[in-house]
Amino acid sequence: MVLPMNSTPSNHGPHVACIMDGNGRWAKRRGLPRTAGHTAGEENLAEVVRIASARGVAYLTVFGFSTENWVRPKAEVRHILSLHKRLFGRIEELNANNVRINWIGRPFDEPGARTPAFVQRAIRQAISDTAANTGMVLTVAFDYGSRAELLRAAQLSISESISGIPITTLNVQSHLYSPELPDVDLLIRTSGESRISNFLLWQISKAKVYFTERSWPDLDANEIDAALALIRQ
Ligand code: FPP
């Protein structure tokens, strides 16, 4: 059975979003290259997916690569892209945890969109190989920026309004990259920065926000529980 993205996960849990910051600083503190920090970040994401799914989180949305990240040094970008391929290739693990993959970002065929073909293939494959899972939905934001998402939604709503469809909150929402994603309940940002960085601006309007000094590769179960306590009191 293949579930459409608009079917809700079986556990009715919260929507948690993460800004996975601090990989570079994590590596620097250890005298390692920044790429080693990103590798550790991808590995910790796999761990966070297991923890979140075990805690009954229904939707986990992570900022994997932003529309602004393309200006980083070429070798670093290449490394992060290869880590996305690794993440989307973790099919056995995702299936063992009943996790369904989803993606948000600039549509591949949109002018200016930059997702390379090998990442597009990995995304499509992961979505199809996990489509029958009924547990947590893991949405990876890749080539994602909230302003680009909102601008596109506004443009689509305006063009529909010409044929008489009123521009309403629901109508704009229906043009987001993944309109079936519910509002975010909890946003976590690691590494001591207290900024939102153009992430899910529409979806976080009612979210609690948890900032921690810890770098992303060090985010562990205790810290996730402390963050979840914000929405479970
Ligand atoms: C921020 O660290 C992280 C990113 C650029 C995006 C997140 C990327 C990862 C967690 C690596 C792999 C992830 C996936 C989804 C495959 P930074 O470089 O900004 O750290 P710094 O602020 O300490 O320099």
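Does the range 153-171 include one or more residues that are under 22 Å from the mean Cα position of the chain (by Cα), farther than 15 Å from Ser205 by Cα and not acidic (Asp, Glu)?
yes
Val77 - would you say it is buried (at least 22 other Cβ atoms within 10 Å of the Cβ) and part of a helix (DSSP H, G or I)?
no
Check the range 209-220 and report whether any residue there is among the aromatic types (Phe, Trp, Tyr) and closer than 14 Å to His15 by Cα.
yes
Yes or no: the range 50-65 includes at least one residue that is hydroxyl-bearing (Ser, Thr, Tyr) and within 9 Å of the ligand (Cβ to nearest atom).
no
Pick from the range 41-74 the residues that are free of Cβ contacts under 8 Å to residues at least 24 places away in the same chain and not in a helix (DSSP H, G or I): which of them is farthest from Ala207 (Cα to Cα)?
Result: Pro73.
Just the residues that are hydroxyl-bearing (Ser, Thr, Tyr) and within 16 Å of the ligand (Cβ to nearest atom), please, taken from the range 206-233.
Across the range 206-233, the qualifying residues are Thr212, Ser215.
Do we have Trp70 as closer than 21 Å to Gly22 by Cβ, more than 10 Å from the ligand (Cβ to nearest atom) and either surrounded by 21 or more Cβ atoms within 10 Å (Cβ to Cβ) or of a type in the set (Phe, Trp, Tyr) (or both) here?
In short, yes.
Could you grab me the full set of residues in the range 8-40 that are over 19 Å from the mean Cα position of the chain (by Cα), in a loop (DSSP other than H, G, I, E, B) and among the small types (Gly, Ala, Ser)?
Correct list: Ser10, Gly31.
Looking at Ala58, is it open to solvent by less than 20 Å² (accessible area, probe 1.4 Å) and over 16 Å from Leu219 (Cα atoms)?
So Ala58 fits the description; yes.
In the range 105-125, which residues are more than 27 Å from Asn171 (Cβ to Cβ) and either open to solvent by 50 Å² or more (accessible area, probe 1.4 Å) or among the aromatic types (Phe, Trp, Tyr) (or both)?
Selection gives Arg114, Ala117, Phe118, Arg121, Arg124, Gln125.
The values are calculated or read from the model by the stated rules, or taken from the named source; none is laboratory data. This is a predicted model, so every value here is computed, not measured. Here the Cβ is made from the backbone with ideal geometry for all residues, glycine too, and neighbour counts use every protein chain on show. For the accessible areas, the whole protein counts, side chains as well, though only heavy atoms, and no ligand, DNA or RNA atoms are used. Shrake-Rupley method; radii C 1.70, N 1.55, O 1.52, S 1.80 Å.
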